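I have placed the structure first, in the form of structure tokens, so that the comments after it can refer back to it.
The values are calculated or read from the model by the stated rules, or taken from the named source; none is laboratory data. Worth saying up front: this structure is predicted, and the values here are computed from it rather than measured. A quick note on method: Cβ atoms are made from the backbone with ideal geometry, for glycine too, and the neighbour counts reach across all protein chains shown. Note: accessible area is taken over every heavy atom of the protein model, side chains too, but ligands, DNA and RNA are not part of it. Shrake-Rupley method; radii C 1.70, N 1.55, O 1.52, S 1.80 Å.
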Amino acid sequence: MINKIATLGGYIHEYQKSVANPQDFWSQIAESFYWRKKWDRVLEWDFKEPEIKWFINGKLNITENIFERHQFTRGDQPAIIWEPNNPKDDNRTLTYFELFTEVKKFANVLLGLGIKKGDRIAIYMPMVPELAISMLACARIGAIHSVVFAGFSANSLADRINDAEAKLVLTSDGGFRGSKITPIKEIVDEALESCTTVESVVMVQRTHTKVNVKDGRDFWWHDLMNYASDNNKAEEMDAEDMLFILYTSGSTDKPKGIVHTIGGYMVYSAYSFKNVFQYSDGDIYFCSADIGWITGHSYIVYGPLLCGATSLMFEGIPTYPDAGRYWDIVDKYKVNQFYTAPTAIRSLIALGQEFVENRKMDSLKVLGTVGEPINEEAWHWYHDHVGGNKCPIVDTWWQTETGGIAISPLAGIIPTKPSFATLPLPGIQPIIVDAEGKELPGKSVEGNLCIKYPWPGILRTVYKDHARFKKTYFSSYEGLYFTGDGVKRDEDGYYRILGRVDDVINVSGHRMGTAEVENAINEHPLVNESAVVGYPHPIKGQGIYAYVVCGELSAGGEPGITDSIKKGVTKIIGPIAKPDKILLVDSLPKTRSGKIMRRILRKIAEGDYDNFGDISTLLDTSVVEQIVERAQNKAQN
Ligand code: WTA
């Protein structure tokens, strides 16, 4: 078992050990797992190349570390507690033994469908236990899963299936979310019209929505499981074999397939889970994220299950049947650790105090947040009204790319400070640099956040595009991993994340590339060009503000055009990318070399119409005046 750090002194000691000799540090932690064959060398790395390998030639299967390792001690313990969308429906609990049985059976189903080690499998499912079973069954046979958030459009799903060249899609007939039913299989059918690699589709029956079943291609989960044996030996994998691909937005181009490999991800997700949340045996841990994002991968499925924890998985939304749903779940299951996003907290604050006031929530010991900076007001509300003034808040900073939490308090051990992610986890060596890449040492500095030494959970590549991996993360500052975030270190050495410094915006904790949204807007037949920026939004953190040039239509502000642009973006990417505000303009502010000056557009979107700084490189300054006038008019109306 992984030992938990128990005191501040213990943290300082472990941190120093992890910097003085990272290889010994991680090898001791890795030894608490079950390896079929131990590694020859702990680490090989080069951030210039870049190349990173952990636990070289180690052989293992991550599911043996979840199941076989726990089966004699935890067979009867709940592994997953599943709370359905409708609180009146039956919930489900899968003990480690039961989950293991399902995983082995589904692993055999996958083998029966001709899936082999190394094949890619797309998973597009609502939050049902079969989603976790699917991921673990893939890992069991050495197939690589690529989970796609079930709120993405058919078009986004098709892009991801095609990039990964997936052979199989695991999905469901439909999905419940609040009072709505999403026709999941219909979206899959639409996506598959432009996918050539997919041979089969397996559907979980969840909503009993009528679906189209294509003979020879589409199968029902329950039919296949009926005949599956529960006898399955895990495939032997190399520590550096791929565990999964997860697509995430960047500042340019299409989403990138972030690649995580088995050994390092296993060690890091489990180590960070146990220490940040200070999980103790018997605790009930609830992370409200969707498994379609990295938070769900690392902190609903892998991290908790590797630690033998009980992980609560929730199908629904925080406001159904009312805005007290999370707190009802906390009371129903006596949840001890609760992990959510600041945007959820802000939206619940806006819906009123009464929803927290009539719930007990006295089982809570630790609260967590992730995905975006948490503002002080939300922090205090969470601390006082949800945590009853007694639960430490872990403000966890990390990324799809880091695999696990990188900067965060350890609950109850590192003193917290509202809006600060505080200190790095052992093994993480942050460094703050200025625009030229010069290190800004000492306290009270502000700059760009980089990490100078590898940790086991770091991404290994961008799927099928190592050049993009290098360019995105390792070429801004030589020899450093660049996070894309701005950061401040205060007089206590605490880190406060300031947000993205690239063209990525963070909408309700979801990463959105501005270029991606612009491309979707530009598909509209009446649009000539567009520029998208983020602006401060009271609930979402950042909202999407689009400046759109529509030829002759822009002057008249054609009613309905903004609506059809929004619909278009929803169709192409998904509802999370829908612009909050659209301003029709005649042209965009460009430099003489043709680059859009987003700095100005950001200011205008914030409602600041004067402080544009140096605009001498603009080709035509009257463009800015026109845009300001439009924006002011619109703000008044
Ligand atoms: C942002 C989510 C401030 C940050 C796990 C990062 C945060 C991006 C925090 C990664 C936090 C994440 N405070 N900002 N505690 N956590 N971020 O890949 O900008 O979806 O780069 O991973 O979210 O988003 P991703």
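Descriptive notes on the structure:
- Per the listing 494, 547, the residue uniquely within 16 Å of the ligand (Cβ to nearest atom), touching a residue at least 40 places away in the same chain (Cβ under 8 Å) and either more than 18 Å from the chain's Cα centre (by Cα) or assigned by TED's automatic domain parsing to the domain that holds residue 420 (or both) is 494.
- When the range 294-320 is limited to residues that are of a type in the set (Phe, Trp, Tyr) and over 19 Å from residue 145 (Cα atoms), the one that is nearest to the ligand (Cβ to nearest atom) turns out to be 314.
- When residues in the range 48-63 are screened for being over 24 Å from the mean Cα position of the chain (by Cα) and open to solvent by less than 10 Å² (accessible area, probe 1.4 Å), 3 of them pass.
- Residue satisfying all of: in the range 262-293; open to solvent by 10 Å² or more (accessible area, probe 1.4 Å) and within 16 Å of the ligand (Cβ to nearest atom); farthest from the chain's Cα centre (by Cα) among these: 288
- Long-range neighbours under 6 Å by Cβ, at least six apart or interchain, first residue in the same structural domain as residue 56 (by TED's automatic domain parsing) within the range 6-29, second open to solvent by less than 60 Å² (accessible area, probe 1.4 Å) and modelled with pLDDT under 95: none
- Of the residues making up the range 560-567, one or more are more than 27 Å from residue 377 (Cα to Cα) and acidic (Asp, Glu).
- Inside the range 443-473, residues that are among the small types (Gly, Ala, Ser) and free of Cβ contacts under 8 Å to residues at least 12 places away in the same chain make up a count of 1.
- A count restricted to the range 324-378 and to residues that are in a loop (DSSP other than H, G, I, E, B), within 16 Å of the ligand (Cβ to nearest atom) and open to solvent by less than 30 Å² (accessible area, probe 1.4 Å) stands at 3.
- Scanning the range 99-120 for residues that are open to solvent by 30 Å² or more (accessible area, probe 1.4 Å) and either within 21 Å of residue 80 (Cα to Cα) or polar (S, T, N, Q) (or both) yields 102, 104, 105, 108.
- Being closer than 17 Å to residue 67 by Cβ and out of contact with any Pro (no Cβ under 8 Å at 6 or more places or on another chain) is a description that does not apply to residue 114.
- Residue within the range 162-171 that is over 19 Å from residue 215 (Cα atoms) and touching a helix residue (DSSP H, G or I) at 6+ places or on another chain (Cβ under 7 Å) present: no
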